[in-house]
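Working notes, beginning with the structure itself.
The values are calculated or read from the model by the stated rules, or taken from the named source; none is laboratory data. If you're wondering where the values come from, they're calculated on a predicted model, not measured in any experiment. Using ideal geometry, Cβ is built from the backbone for each residue, glycine included, and neighbour counts are taken over all protein chains shown. Side chains included, ligands, DNA and RNA excluded: accessible areas come from the protein's heavy atoms. Shrake-Rupley method; radii C 1.70, N 1.55, O 1.52, S 1.80 Å.
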Amino acid sequence: MTEFIRKRAANAKNDILSGLTVALALVPEAVAFAFVAGVDPLVGLYAAFMIGLITSIFGGRPGMISGATGALAVVMVALVAKGNAMGAPGEELGLYYLFATVILMGIIQMLAGVFKLGKFVRLIPHPVMMGFVNGLAIVIFLSQLGMFMKPVEGDMVWMQGAELWTMLGLVALTMGIMFGLPKLTKKLPEALIAILAVSAIVIFGGLDVATVGSFIREGGGEGLKGGLPTFQTDIFSKVPFNMDTLKFIGPYALILAAIGLIESLMTLNLIDDLTETRGNTNRECMAQGGANIITGLFGGMGGCAMIGQSIINIKGGGRGRLSGIVAAVMLLVFILFASPLIEKVPIAALVGVMFMVVIGTFAWSSFRIMNKIPLSDVIVLILVSGLTVFFDLAIAVIAGVIVSALVFAWENAKRIRARKRMKDDGTKVYEIWGPLFFGSITAFNEKFDVKNDPDKVEIDFVESRVSDHSAIEAIYNLVGKYEAAGKSVKLKHLSEDCKILLQKSSPKFNSVIIEDIDDPRYHLAENPEAFDKGLGEYKF
């Protein structure tokens, strides 16, 4: 116990400083995502505080930062707009429908944790992971380009002249400090020092540049100042809890829950790789769900893990839960007490930090290995990256997993083989090699010549593995064809599961299957009861 406390205390300084850096970077991100969703900036800031605090305490990945994210905001904007249209003239109910949706989203995520669905993130192939980080790096980069624009007569136009060069110079200075400081000393958090240094130059130099405060006001907000989150009793009076409401918010809640969990669990995997530790996926599902329920009840827009802020935290030395707790608490302190100071932080400093996050996030090794990995993996990597940029993370990851699974099935379907030989007594033996599953059934059936085979046939599965219902059905049908042709067929080296299922389908299989001491032992990936109704095309 003493050693545990000592290790935690030893990294406390890094956790606190890193958490402070993350809190500063969270402000413009949360505000920007609130604008994207069409809600007040405080709704995004409250979400970042509550989700960040709850997931840091109860989540399955210490050091991972959660809050309001753009991936969720782009879905919420349509929800808020439709919710506003459902109210009476002049009555905008979109915000309250958003809160109700976030609560339902949290319930769905908690159910995913209860049923231990988090473990399925392990099925995500490495090319999908690389595509995910590359796509998100591009998304983060593109999102920062909007900071180089300013409103002119209601339209957003690119900065020009001295204004643009000043912005670029401050961004470059921030990046230069973050790049060079670790070469001098690793005891100081480079991101925090860069933000403070550039802020000091802007404030004491009297430079006229975009700041957090001007950013909020240009977006229609009144400022960063706010109070403590309050319980939203109006949700229950303004949102009718009936089937019509469930039909409206249900699809949005399901999409948001899926995007939130996929982004959170994939970020968790990424942080696992960076820290060489192991997080708890199911615990993270529970924490994300609980955090979103609380956030919805107390006026937040919902959220999930944030890859950019998580990497800032890890690179800054944040490893424990304390870093996330400090980030969330400091964000609340900014809202309550320090809003005038935080509003003076130049946007250029935060953009520079995020550009360094982009450089650290992008898997540059993917260019080096392009000609060393299978073409199918290259296609998956590019596909996931592109879909992440143009659509959203959930679509990208699901598409990547499906394509990878189809490629895997296709490649394994081509590996089925049948070696043929004759015994002295005239029995023809088929020695099956390779996996027998739904994808290889056609190739498996093509190996046999029922019409021209001798009267006695033996099929030996010693070097094969029968994997699913389709494989059992294929064996069943093949035996039926030999029996219909008046020929005797024997099956050898089937697993216990296969024997039971075939024997249950027809008593004839008791004499068809040969029991052997070296029969393989493996479980079929199917519920045995499901075969009772599936087999039966042939009655012997």
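Structure notes:
- Against the conditions (1) in a helix (DSSP H, G or I); (2) touching a strand residue (DSSP E or B) at 6+ places or on another chain (Cβ under 9 Å), Met356 satisfies every one except (2).
- When the range 231-240 is filtered for residues that are out of contact with any helix residue (DSSP H, G or I) (no Cβ under 8 Å at 6 or more places or on another chain) and surrounded by 10 or more Cβ atoms within 10 Å (Cβ to Cβ), the ones remaining, listed by number, are Phe236, Pro240.
For (1) out of contact with any Leu (no Cβ under 8 Å at 6 or more places or on another chain); (2) touching a residue at least 60 places away in the same chain (Cβ under 8 Å); (3) in a helix (DSSP H, G or I), each residue gets a yes or a no:
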position	(1), (2), (3)
Val157	yes, no, no
Trp165	yes, no, yes
Val171	yes, yes, yes
Gly176	yes, no, yes
Ala194	no, yes, yes
Ser199	yes, yes, yes
Gly213	no, yes, yes
Ile216	no, yes, yes
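- Pairs linking a residue in the range 498-510 that is part of a helix (DSSP H, G or I) to a residue that is of a type in the set (Gly, Ala, Ser), with Cβ atoms under 9 Å and 6 or more positions apart or on different chains, are Cys498/Ala471; Ser505/Gly534; Ser505/Gly536.
- Residues in the range 304-333 that are more than 19 Å from the chain's Cα centre (by Cα), of a type in the set (A, V, I, L, M) and farther than 15 Å from Ile195 by Cβ: Leu322, Ile325, Val326, Ala328, Val329, Leu332, Val333.
- Residues that are open to solvent by 60 Å² or more (accessible area, probe 1.4 Å), more than 25 Å from Trp433 (Cβ to Cβ) and touching a helix residue (DSSP H, G or I) at 6+ places or on another chain (Cβ under 9 Å), drawn from the range 485-510: Lys504, Lys508, Asn510
- Residues that are more than 22 Å from Phe120 (Cβ to Cβ), at pLDDT below 90 and of a type in the set (A, V, I, L, M, F, W, C) do occur in the range 373-381, at least one of them.
- Scanning the range 359-376 for residues that are closer than 21 Å to Leu145 by Cβ and either assigned to a helix (DSSP H, G or I) or in contact with a strand residue (DSSP E or B) (Cβ under 7 Å, 6 or more places away or on another chain) (or both) gives Ile359, Gly360, Thr361.
- Meets criteria (modelled with pLDDT under 90 and under 26 Å from Thr388 (Cα atoms)) for Met175: no
- Residues located in the range 131-177, provided they are in contact with a strand residue (DSSP E or B) (Cβ under 7 Å, 6 or more places away or on another chain) and either basic (Lys, Arg) or closer than 22 Å to Phe35 by Cβ (or both): Phe148, Met149, Lys150, Met156, Val157, Trp158, Met159
- Close pairs from the range 270-295: first open to solvent by 70 Å² or more (accessible area, probe 1.4 Å), partner in a helix (DSSP H, G or I) and not small (Gly, Ala, Ser), Cβ under 9 Å, at least 6 apart: Asp273/Met129; Leu274/Ile311; Leu274/Ile314; Leu274/Lys315; Arg278/Asp272; Asn280/Leu268; Arg283/Phe58
- Considering the range 54-110, the residues that are among the hydroxyl-bearing types (Ser, Thr, Tyr) and not in a helix (DSSP H, G or I) include one that is surrounded by the most Cβ atoms within 10 Å (Cβ to Cβ), namely Ser66.
- Residue within the range 449-471 that is assigned to a helix (DSSP H, G or I) and open to solvent by less than 10 Å² (accessible area, probe 1.4 Å) present: yes
- Qualifying residue in the range 412-434 (condition: assigned to a helix (DSSP H, G or I) and either of a type in the set (Ser, Thr, Tyr) or open to solvent by less than 100 Å² (accessible area, probe 1.4 Å) (or both)): yes
- Only one of the listed residues (Val209, Val102) is in contact (Cβ under 8 Å) with a residue 24 or more places away in the chain and in contact with a Gly (Cβ under 9 Å, 6 or more places away or on another chain). That residue is Val102.
- Flag for Phe148 being open to solvent by 10 Å² or more (accessible area, probe 1.4 Å), within 18 Å of the chain's Cα centre (by Cα) and among the aromatic types (Phe, Trp, Tyr): no
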